[in-house]
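A.B. asks: Let me give you the structure first, and then I'll get to my questions.
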Amino acid sequence: MEEEWQPDAVLDVRIAQVKKELSEYVEKNADKIDSNLPVFYGHVMSIIENSFRGISDEAHDRLIDDVTMKVLEVSKRSGEIEYVERLFSHAVRMRKRQSGRMIFDIILGFKLIDLGKYNQAAEVLTKYRTTDAIICTAISYCYYALSEEHLKEDGIPAHNRRPSEKALAAREQMIEMVRLCPPVNRLKFPHVLQELKINKIFWYMLRLSVDWFPAEVEFLKIGLEKARKDGNRDMRGELLKIASERYFSDMFFLRDLYHYKIEIRDASGATAVVRQMMQQHPDELEPVYYGMQLSIISSQNSAYSSFRKIAVGKKMPSNVLALLDFEFELVAGKKTETYACLEEIRNRALPKSHYLILIEYATEDAFSGEEKRAKAARKALLDSLDLYCMKILKMKTD
């Protein structure tokens with residue numbers, strides 16, 4: 001008899017529950033599992049088959065992968081390469097799709113790095129260079145570590161050293177990363193890999209590359225993308241400082257620096273960036289828009305008026321100006337003026353727009369008198385209107 005259909009959301013809840021139960025079983029029976037992996041995986045397959053009939057191949061494989069990572073996390077033998085290889089071999093055989101070897105190979109490669117087996121690690125990881133930028137930095141680190149080991153063995157003074165073959169290979173791998181342009185943070189590593197310092201390896205090699213190749217802008221861009229995705233403000237600030245010195249007129253870095261200053265609540269720093277933008281790109285609307293936004297955030301009437309005049313002179317679209325005026329009055333908490341601006345938007349800027357309906361409802365919440373509700377509504381409005389205006393002005397939103 002076929003299993004009754006269930007929505008994906010309900011099925012996901014059941015899968016999560018089975019995963020939780022399997023994780024608890026692994027934690028309680030780690031030694032028993034280590035001694036007999038085939039029996040363990042037979043037990044896992046039995047649970048999956050009895051719990052879910054007709055489960056998708058993707059969901060089935062995800063459960064196998066998650067359970068395998070849990071075994072690796074709690075096992076006392078996770079530092080033994082032979083054991084890790086055997087564990088992964090069993091897991092691959094249990095998967096519906098046999099193409100799922102990649103994540104296991106990558107984890108094995110990082111395990112080998114952790115154990116100082118750099119040649120083997122580089123060999124395992126090389127075929128996955130296009131998967132994630134962190135793989136390229138790991139391979140480069142392997143060659144760099146080998147070059148450092150050779151230098152220590154040779155005992156050559158630092159000032160007499162020439163780059164060895166391995167040292168040059170490390171640099172070549174970093175250049176290869178720029179050429180291949182792999183995605184950043186595509187891979188989601190399990191908890192067990194946190195101890196392997198994969199992020200530290202990435203940042204270590206990136207710093208070296210920024211010094212090795214001072215004219216190669218892509219290293220800074222790759223680093224900034226990862227820093228943003230990781231929420232790593234310290235590294236983002238460090239890279240932006242270098243970028244502001246080397247590429248002071250590049251709008252890519254100026255834009256990121258402006259948003260970074262806003263995030264860390266450095267209003268004076270953000271103002272300085274806007275001034276630099278206007279000096280380096282006097283004909284563009286983007287710096288003027290940022291100046292108006294900054295004036296709105298800080299509720300500076302004179303500054304907003306000044307930037308608005310420049311915006312009018314540069315022919316900023318009237319609908320964007322109307323929305324910015326609305327934002328300014330909203331942040332200032334002036335209800336009458338805000339609704340007057342909203343009427344202007346209703347009549348001229350966004351007539352018969354579904355988006356206008358959302359703005360109207362959010363505006364009512366912003367002046368509801370309930371502090372928590374009003375604060376949430378103002379933030380939602382400002383974030384949404386900012387994205388909408390940038391879309392109209394064809395500005396970068398990254």
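The values are calculated or read from the model by the stated rules, or taken from the named source; none is laboratory data. For clarity, every value in this text was computed on a predicted model and none was experimentally measured. Cβ: placed from backbone, ideal geometry, glycine included. Neighbour counts: every protein chain shown.
A.B. asks: At least 1 residues that are over 31 Å from the mean Cα position of the chain (by Cα) in each: list the helices (runs of 4 or more DSSP H) lying fully within the range 1-91 that qualify.
C.D. replies: Fully inside the range 1-91 and qualifying: 8-28, 30-35, 37-51.
A.B. asks: Among the residues of the range 144-152, is any of a type in the set (Ser, Thr, Tyr) and either at pLDDT 95 or above or exposed (fewer than 14 other Cβ atoms within 10 Å of the Cβ) (or both)?
C.D. replies: Scanning the range 144-152 turns up at least one residue that is of a type in the set (Ser, Thr, Tyr) and either at pLDDT 95 or above or exposed (fewer than 14 other Cβ atoms within 10 Å of the Cβ) (or both).
A.B. asks: Something else about it: Could you grab me the full set of residues in the range 367-398 that are of a type in the set (A, V, I, L, M) and under 30 Å from residue 277 (Cβ atoms)?
C.D. replies: Listed by number, the residues that qualify are 380, 381, 382, 385, 387, 390, 392, 393, 395.
A.B. asks: Here is a further query. Mind telling me which of the residues 361, 339, 355 ends up being touching a residue at least 12 places away in the same chain (Cβ under 8 Å) and farther than 23 Å from residue 290 by Cβ?
C.D. replies: Residue meeting the stated conditions: 339.
A.B. asks: Can you tell me which residue in the range 71-86 is surrounded by the most Cβ atoms within 10 Å (Cβ to Cβ), limited to those that are in contact (Cβ under 8 Å) with a residue 12 or more places away in the chain and of a type in the set (Asp, Glu)?
C.D. replies: Once the filter is applied, the top-ranked residue is 73.
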